[in-house]
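This report concerns only the one structure given below.
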Amino acid sequence: ARVFATSVVPSPTATPRTSTRKTKSRLPLRKPTPPPPAPPPEDRPPPPFVVSRTPSKLFPIYHLTKRGGNQKLTIIKKVDGDRTVFTHWLAHDLGLELDKITILTPSNNIVVSGHRKGLIAEWLEKYGF
């Protein structure tokens with residue numbers, strides 16, 4: 001049986017190897033600029049809709065990414081009452097265009113384009129849900 005012995009000798013012109021491991025940069029997340037202030041909730045009648053919380057006492061707001069990450073959506077569930085008024089108030093207070101908000105008829109979920117979970121949660125807290 002033959003035994004091959006090989007040894008690697010570094011060439012004199014070779015540079016020492018450094019780690020090629022890629023690390024993610026830990027940049028601070030930037031919050032989007034807040035929309036112009038909306039009229040306070042005291043100036044409005046009580047809302048004709050209710051948003052129930054989940055069993056863990058959180059808002060039923062979820063992010064969804066589609067089309068390979070190019071389409072970002074926010075889904076709001078458990079909205080009871082007048083969903084049309086909900087979408088109009090949401091669009092007005094967050095400064096969104098009304099065509100960026102859709103009501104899904106079979107499930108009665110509300111879909112907002114973009115990842116806006118934080119903004120919508122703050123908006124719901126402002127109305128006491």
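Identify, please: which residue in the stretch 73-86 is in a helix (DSSP H, G or I) and within 14 Å of Tyr127 (Cβ to Cβ) and is, among those, most open to solvent (accessible area, probe 1.4 Å)?
My answer is Val85.
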>> Restricting to the stretch 48-72, count the residues that are out of contact with any helix residue (DSSP H, G or I) (no Cβ under 8 Å at 6 or more places or on another chain) and either of a type outside the set (Gly, Ala, Ser) or not in a loop (DSSP other than H, G, I, E, B) (or both).
In response: 16
>> Looking at the stretch 115-129, I want the residues that are touching a residue at least 40 places away in the same chain (Cβ under 8 Å) and outside any helix (DSSP H, G or I) and have a partner that is surrounded by 12 or more Cβ atoms within 10 Å (Cβ to Cβ) and among the polar types (S, T, N, Q) with Cβ atoms under 8 Å, at least 6 apart or on another chain. Which pairs are those?
In response: His115/Thr74; Arg116/Thr74
> In the stretch 87-100, which residue that is touching a residue at least 12 places away in the same chain (Cβ under 8 Å) and open to solvent by 80 Å² or more (accessible area, probe 1.4 Å) is nearest to Lys117 (Cα to Cα)?
Replying inline: Lys100
> Out of the residues in the stretch 47-61 that are open to solvent by 20 Å² or more (accessible area, probe 1.4 Å) and hydrophobic (A, V, I, L, M, F, W, C), which is nearest to Ile120 (Cα to Cα)?
Replying inline: Phe59
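The values are calculated or read from the model by the stated rules, or taken from the named source; none is laboratory data. Keep in mind that this is a model prediction, so the values were computed, not measured. No Cβ is skipped: glycine too gets one built from the backbone with ideal geometry, and neighbour counts run over all protein chains shown. Surface accessibility is based on the protein's heavy atoms, side chains included, excluding ligands, DNA and RNA. Shrake-Rupley method; radii C 1.70, N 1.55, O 1.52, S 1.80 Å.
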